[in-house]
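Read-outs throughout are calculated quantities, based only on the coordinates presented, and are distinct from any laboratory measurement. The structure presented is a predicted model; accordingly, all values stated were derived computationally and were not measured. Neighbour counts run over all protein chains shown; Cβ positions are idealised from the backbone, glycine included.
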Amino acid sequence: MSGQPRALSVAILAMGGEGGGVLADWIVDMAEHAGYCVQLTSVPGVAQRTGSTIYYIEMMAETAGREPVLALMPVPGEVDIVIASELMEAGRAIQRGLVTPDRTTLIASTHRVYSMTEKMAAGDGRVDSGALLDGCKTAARRLLSTDFARIAAERGSVISAALFGALAASEALPFARGDYELAIRRGGVGVEASLAAFEDGAGVEKSLDAIPTGACATPLIGLAAERLRDYQDEQYVEEYLGRLEAFAWDEKLRDEVARHLALWMSYEDAIRVADLKIRRARWERVRREVRAGPAELVEIHEYLHPGVDEIADILPAALGQWLLDTGWARGIVGRLTRKGRIVQTTSIAGFLQLYLLAGMRRWRRRSLRFRREQARIDGWLAAVCAAAREDYDRALQLAALPALLKGYGETYERGRREFEAAL
């Protein structure tokens, strides 16, 4: 009946490691201290990225002599607040009917963690983030969105704390700001960092954040130049810019070529992988992810499984080709590398192995893979130029073809075969 009290419902959709359970516990603790009857259930699922869980909370103010009956699962059309730790999770909530324009406050982080289907697609298989956000804005009564993952990272905390701040800012629950902060303090773990992320999350604008749908030419090419300088050297950047001169007559075609050309010219090989694995920024990120304290030691063990082809790729062109063409030599190297190996990057011996491999960057230009890729790039650019003189739309399609080239090993080879067939 309309005069009877109604339970408040909160659904939290979060992936593993994001603190969804902690966020749910904070809400439960806050409600119980305010005298509410509260029930929390969680249902694990699969998000094709990492474990995805729906935490569902119902709460109702206690009434004398009566104990409320609370639901175990969210019901479509009956959820007051939905909190999504990632943009695709918000889309899943909308798809399930948990977000409705007459009732639901939706709090969603705009960052993306791409699913396996997005990563495996031939070409660019990413779901359009702009379309997802438009759907969120249409589906919800009210939307609070920003990159909460970035807020948490800047504060050395987890995304749950920033989302908790946004929940406080929404005023969708009948609790004061101080109640939220006390719940974090009672949790007793990472309190100061959590409070800092909470504060920033509480300052989110109560409107839809705009996500840029593209980049203008200068920033795009500038980012590409920075990537290639980091990958190889300044001369490599000049070669990149020189290749783009053939497309200076049309900004749209030039930008499409510029994007794919930069990615192709910075292809992943064993040298690049080794370089990225020993960078200080990566070690600091690992320490943040495992929440290691200043006095705690962290060991990083890398599983490396280079095949004969990957080894031949980084050898001088003549030697690499000889290895691929010589059956007995290929067989010996194949047997030696069949099982792969584990290298402790944080040990002196392990670090030096990857450091020496990364140092081969200075000789990359002489490698078999480098010469092959440069020849393929030149063939692709020539095809785009030829098409542009006859059929502009076809030239744009050819310019986007390198999106098929992704990953490494067998994944890259499959993409390469598809690319060459299409070309």
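With θ set to phi - 60°, apply the Karplus curve 6.51 cos²θ - 1.76 cosθ + 1.60 along region 242-257 and write out the HN-Hα couplings as whole Hz, x wherever there is a Gly or Pro.
Going residue by residue, I get x, 5, 6, 4, 5, 10, 5, 6, 9, 5, 5, 5, 4, 5, 5, 5 Hz, with x marking Gly and Pro.
Using θ = phi - 60° and the Karplus relation 6.51 cos²θ - 1.76 cosθ + 1.60, list the HN-Hα couplings for region 259-273 in order, rounded to whole Hz, with x at every Gly or Pro.
In residue order, the calculated couplings are 5, 6, 5, 4, 5, 5, 5, 10, 4, 8, 10, 4, 5, 5, 4 Hz.
Give, in nm to one decimal, the length gained when the segment between Asp325 and Glu234 is fully stretched (0.36 nm per residue of separation minus the Cα-Cα distance).
Separation in residues times 0.36 nm, less the Cα-Cα distance, equals 29.3 nm.
Can you find, among Ala246, Gly359, Gln235, the residue farthest towards the positive end of the dipole of the chain? Put +1 on the C-beta of Lys and Arg, -1 on that of Asp and Glu.
Gly359
Expressed as an acute angle from 0 to 90° and rounded to the nearest 10, what is the orientation of the C-alpha long axis of helix 409-422 relative to the principal long axis of the chain?
Value to nearest ten degrees: 70.
Could you list which residues have their amide H under 5 Å from that of Gly125, counting only those 5 or more apart in sequence or on another chain, with H placed in the peptide plane?
Those qualifying (amide H under 5 Å, at least 5 residues apart or on another chain) number zero.
Just to confirm the number: angle between the C-alpha axis of helix 217-231 and the first principal axis of the chain, 0 to 90 degrees, nearest 10?
That helix lies at roughly 70 degrees to the long axis.
Based on other C-beta atoms within 10 Å, arrange Met120, Met60 from fewest to most.
Ascending Cβ contact count within 10 Å gives the list Met120, Met60.
With +1 on each Lys and Arg Cβ and -1 on each Asp and Glu Cβ, how big is the dipole of region 8-202 about its Cα centre, in debye rounded to the nearest 20?
Computed about the Cα centre, the dipole is about 380 debye.
Beta carbons within 10 angstrom, averaged per residue: use that to sort the peptides 360-371, 5-16, highest first.
Result, highest mean first: 5-16, 360-371.
Lys and Arg at +1, Asp and Glu at -1: add these up for the other residues within a Cβ distance under 15 Å of Leu72 and post the number.
Values: positive: none; negative: Glu58, Glu78.
For residues surrounding Leu72, the net value is -2.
Please state the equivalent ellipsoid semi-axes for region 8-202: what are the square roots of 5 times the Cα gyration tensor eigenvalues, largest first, in whole Å?
Value: 27, 20, 15 Å, ordered largest first.
Tell me, what is the FRET efficiency for Asp134 and Glu67 to the nearest 0.05, using R0 = 51 angstrom and their Cβ-Cβ distance as r?
After rounding to 0.05, the efficiency reads 0.75.
Once fully extended, how much extra length lies between Lys339 and Phe351, figured as 0.36 nm per residue of separation less the alpha-carbon to alpha-carbon distance?
Result: 2.3 nm gained on full extension.
Give the separation of the Cα centroids, region 364-423 to region 227-303, in Å.
After rounding, the separation between the Cα centres reads 19 Å.
Can you tally the net charge around Gly165? Count Lys and Arg as +1, Asp and Glu as -1, for every other residue whose Cβ sits under 11 Å from the Cβ of Gly165.
Here the count lands on -1.
Given the peptides 96-108, 406-418, arrange them by the average over their residues of other C-beta atoms within 10 Å, most packed first.
Packing proxy ranking, top to bottom: 96-108, 406-418.
Mind ordering 326-335, 221-230, 288-297 by average Cβ neighbours within 10 Å, highest first?
221-230, 326-335, 288-297
Taking R0 as 45 Å, what's the FRET efficiency between Arg103 and Glu154 from their Cβ-Cβ distance, rounded to 0.05?
Efficiency, from the Cβ-Cβ distance: 0.85.
Limiting things to C-alpha atoms, what are the Rg and the maximum Cα-Cα separation (Dmax) for region 262-386, in angstroms?
17.8, 61
Sorted from largest down, what three extents in whole angstroms do the Cα atoms of region 109-159 have along their principal axes?
36, 31, 12
Over the alpha carbons of the chain, what is the largest minus smallest coordinate on each principal axis, giving the biggest first in Å?
Result for the chain: principal-axis Cα extents of 86, 56, 35 Å.
Taking θ as phi - 60°, what are the ³J(HN,Hα) couplings along region 333-350 by the Karplus curve (6.51, -1.76, 1.60), each to the nearest whole Hz, with x for Gly and Pro?
After applying 6.51 cos²θ - 1.76 cosθ + 1.60, I find 5, x, 5, 5, 10, 4, 8, x, 7, 10, 10, 8, 5, 7, 8, 4, 5, x Hz.
When the helix-only estimate is applied to the chain (DSSP H runs of n ≥ 4, each -39,500 (n - 2.57), divided by the residue count), what is the mean residue ellipticity at 222 nm, nearest 500 deg cm²/dmol?
-16000 deg cm²/dmol
List the relative contact order of the chain as a percent without decimals, with contacts defined as Cα pairs under 8 Å and 6+ residues apart.
Worked out over the chain, it gives 11 percent.
Give the calculated FRET efficiency between Ala383 and Arg362 to the nearest 0.05, with a Förster radius of 45 Å applied to their Cβ-Cβ distance.
Efficiency for this residue pair is about 0.90.
So what's the net charge close to Arg330: Lys and Arg +1, Asp and Glu -1, counting the other residues with Cβ under 14 Å from its Cβ?
It works out to a net charge of -2.
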